[in-house]
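Structure first, commentary second.
The values are calculated or read from the model by the stated rules, or taken from the named source; none is laboratory data. Remember, predicted model here, so these are calculated numbers, not experimental data. Ideal geometry is used to build each Cβ from the backbone, glycine not excepted, and the neighbour counts take in all protein chains shown. Note: accessible area is taken over every heavy atom of the protein model, side chains too, but ligands, DNA and RNA are not part of it. Shrake-Rupley method; radii C 1.70, N 1.55, O 1.52, S 1.80 Å.
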Amino acid sequence: PIKMSTKLSLTTLPSPVNLIGRDNDISAVKGFLDKHPIVSIHADGGVGKTAIALRIINDTKSEIDRGRSHFKHIAWIRSTGDLKNDLSALGIPGVESSGLVDDKFKAAKSFLEANPTFLVIDNMDIPPSTRDKDDMNTISGGTKILITTRIKIKNFQQYPLGRMDKQDAITLFYKHYLDITDAPKTDDMPDRSYAEKIVEAASCNALLIELIAKMACWEYGERLDELWVKLEKDVLGTDSEIDIDTEHADSHKYEALSEDDLKLQGQIRNLYRMSGLDDNRQELIRFIAAFPAEKIIFANAFKWAGFSVTDLKYLTDRGWIEKSGEGYLIHTMVQGSVKFQKSD
């Protein structure tokens, strides 16, 4: 029998983010979750699906802490495309972490069926098998599942996430450009006209805006006019779309990518080239990009591989890699732009 657990979170949660806008989307997704056992947030890459899911799971955690939720636990999984493997990694009480995957999977299913849990499965970009869908349907009920994905998953309630509001996109740009925690008031910001041009050319994509704004913050200071000239010429042009080199990529993972996703990967590739990273920092990014994007790489692995803390901070400050607890991650779209493009 599986013991009851007093531990709220069955996994480590990603680092919290200061989400700008999206209040209506958050309310809508919560409404869907009230009515459906499994909900998927569907959108192209870099739009903010993960940030919304993270806000919702943190809201749920707060509600549990205040005794205002029927959930007893929360859990966050970064999808590997193998649900059995993903669920077996949950911290189920009374189950040895060194045990057999099949045993841990069965224990996780039994626990989730018996203990109401809010479970997020992030980046489920590989279509789940019929068996995986059956397993998710089995554990859902008291347990609710929120999926983020770039593909349309049949049989589950879908929430299509639209483009970020332009004013929110400008606010996001200035937040990272000014390197501040709180969302700024942007009406009287310097060079606002250039900020508007940047967010419009970036199609209000949160990831691309963050990368550009951090480059502006660290490399261009108050020279947004100079940055815009280079972005317009070298990054945000009409020839940004890239081809995926299927010899080096898992083609089944990329076959469902939209034209907008391919264009975004091309724009990130162009921005990466424009960034002028030295050889050591490019090698560090290639090192982390070689791992699955859902895998947290801990600091000692970088030390073992000969990379410096200074370079890790440099790349984190500029958004090329992400700090997550005691380790680091790379966004799937950045990974794709670095690893899966054809070299010219």
*Say each of THR316 and ASN280 gets a label point 7 Å from the Cα, pointing the same way as Cα to Cβ; how far apart are those two points in nm?*
1.7 nm
_What do you get for the angle between helix 101-114 and the principal long axis of the chain? Use alpha-carbon atoms, 0 to 90 degrees, nearest ten._
80 degrees
*So which of LYS133/LYS295; LYS104/LYS303; LYS72/LYS104 end up more than 27 Å apart, counting from Cα to Cα?*
LYS104/LYS303
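Starting from the Cα-Cα distance between LYS295 and SER27, subtract it from 0.36 nm times their residue separation and give me the gain in nm to one decimal.
On the way: separation 268, 0.36 × 268 = 96.48 nm, distance 2.95 nm.
Answer, rounded to one decimal: 93.5 nm.
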*In degrees from 0 to 90, rounded to the nearest 10, what is the angle of the helix 279-289 Cα long axis to the longest principal axis of the chain?*
30 degrees
*With the full set of protein chains in place, find how many percent of the accessible area of the chain is carbon and sulfur; take the probe as 1.4 Å.*
47 percent
_Can I get the semi-axes of the chain's equivalent ellipsoid? Compute them from the C-alpha gyration tensor as square roots of 5 times the eigenvalues, in angstrom, largest first._
35, 23, 20
*Return the aspartates and glutamates within reach of LYS233: Cα separation strictly under 16 angstrom, same-chain partners fewer than 8 residues apart disregarded; answer none if there are no such residues.*
GLU200, ASP225, GLU241
*Taking only Cα atoms, what is the 0 to 90° angle, nearest 10, from helix 206-215's long axis to the longest principal axis of the chain?*
50 degrees
*How many nm separate the modelled label positions at GLU196 and GLN157, each set 7 Å beyond the Cα in the direction of the Cβ?*
3.9 nm
